[in-house]
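Scroll down for the structure; my scribbles are underneath it.
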Amino acid sequence: MNGKLVGIGALCAPVILAVGIAMTPVDSGTLTTSSAADCVPAGTTVAEGVSLSAEQWTNAAAIIDAGVRDRNLPLRAAVIAVATAMEESALHTPEDATGRFYDKLVTIPGWDTAPLAATAQAVQDSDSPYAPWEPAATTVVVNLTIGCHPVTSPISNAGWTSPVPGSPVCSGYRTPERPAHDGVDICSTRGTPIRAAAAGVVITMECNASTADGTPHSCDVDGGPTILGCGWYVEILHISGAVTRYCHMGRQPDVDVGQLVKAGQHIGLLGSSGNSSGPHLHLETHTDEPAYPSNATEPTAFFAARGVVRW
């Protein structure tokens, strides 16, 4: 797409960028709610030095949803798009222009790691100064996604918590349809943080994915029903001797073998690597080490016995 994302419009409420505002790193996380629109505040609201009208917050949410919810892009894409819209139109942005922006953005090599200004300029074919808007755009995206109605991760009296708080179990343990399914599948948005269920030590962190003939398959891309294995996965050995297993992460986990973790600690991001037909966490609980099918136990009852009665 050549030219501007949209025509530059007059501000109905100023976008104020505070000098020296702290930037929150935003890379591959995604929404903690079904839509950024759910997080739009009423009226003109100031968040960490950024002042937007209700209309601008609404437009920013629509930009975020178009990329993260509708296209499964990481939050970095939304930051780039919001920063561009701040420069070009003060967040008065037509929906079709937003879609075209994302469609071109993903064709640019290294768009997710390159400096924001260079990426935005490549999409827009423009020398506009996008870089100064990055802190404000980051603040807006964080407030409309991972900072909005944050899902808490309460720790039970026994020291356990849900790995993906607030998300439903979408496939059960050893069901009649899947008798060899040794865990439960917890469904949520791609990129949702995965937490350690309890304190322990990481005993496994690896990519486990192959084709039916044994050819290794990358865990850095989505798997599928014909791919075998857990994808990127982690196992944690807990003080009690129990083991929890976390499969199908979207990228290399954020912990290493031998690392001590505490309950609720971030260990990776939900994805769809390995034998997976869509983003979810496959969670297994085992009564002993090593984790074999013979010592697997039903996770819902396992967690309930440890004071975690809601996922």
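Here, each number is a calculation from the coordinates, and none is a lab measurement. Nothing here was measured: the structure is a model prediction, and the numbers come from that model. No Cβ is skipped: glycine too gets one built from the backbone with ideal geometry, and neighbour counts run over all protein chains shown.
Odds and ends about this structure:
- Count of residues meeting criterion [in a helix (DSSP H, G or I), more than 28 Å from S188 (Cβ to Cβ) and not hydroxyl-bearing (S, T, Y)] in region 62-105: 7
- Screening the candidates A120, A131, A78 for the property of being in contact with a helix residue (DSSP H, G or I) (Cβ under 7 Å, 6 or more places away or on another chain), small (G, A, S) and touching a residue at least 60 places away in the same chain (Cβ under 8 Å) yields one hit, A78.
- Test: residue in region 254-266 that is closer than 20 Å to V169 by Cα, touching a helix residue (DSSP H, G or I) at 6+ places or on another chain (Cβ under 6 Å) and either surrounded by 20 or more Cβ atoms within 10 Å (Cβ to Cβ) or basic (K, R) (or both): no
- For T107, the test of being without any contact (Cβ under 8 Å) to a residue 60 or more places away in the chain and surrounded by fewer than 17 Cβ atoms within 10 Å (Cβ to Cβ) is passed.
- Going through (1) in contact with a Lys or Arg (Cβ under 6 Å, 6 or more places away or on another chain); (2) surrounded by fewer than 22 Cβ atoms within 10 Å (Cβ to Cβ) one by one, R306 falls short only on (1).
- When R251, R245 are checked against the criterion of being assigned to a loop (DSSP other than H, G, I, E, B), touching a Cys at 6+ places or on another chain (Cβ under 9 Å) and in contact (Cβ under 8 Å) with a residue 24 or more places away in the chain, R251 stands alone in meeting it.
- Residues that are hydrophobic (A, V, I, L, M, F, W, C) and over 21 Å from the mean Cα position of the chain (by Cα) number at least 3 in the following strands (runs of 3 or more DSSP E) confined to region 158-223: 200-210.
- For region 259-282, a residue qualifies if it is more than 17 Å from the chain's Cα centre (by Cα) and either assigned to a strand (DSSP E or B) or among the aromatic types (F, W, Y) (or both), and the qualifying residues are L260, V261.
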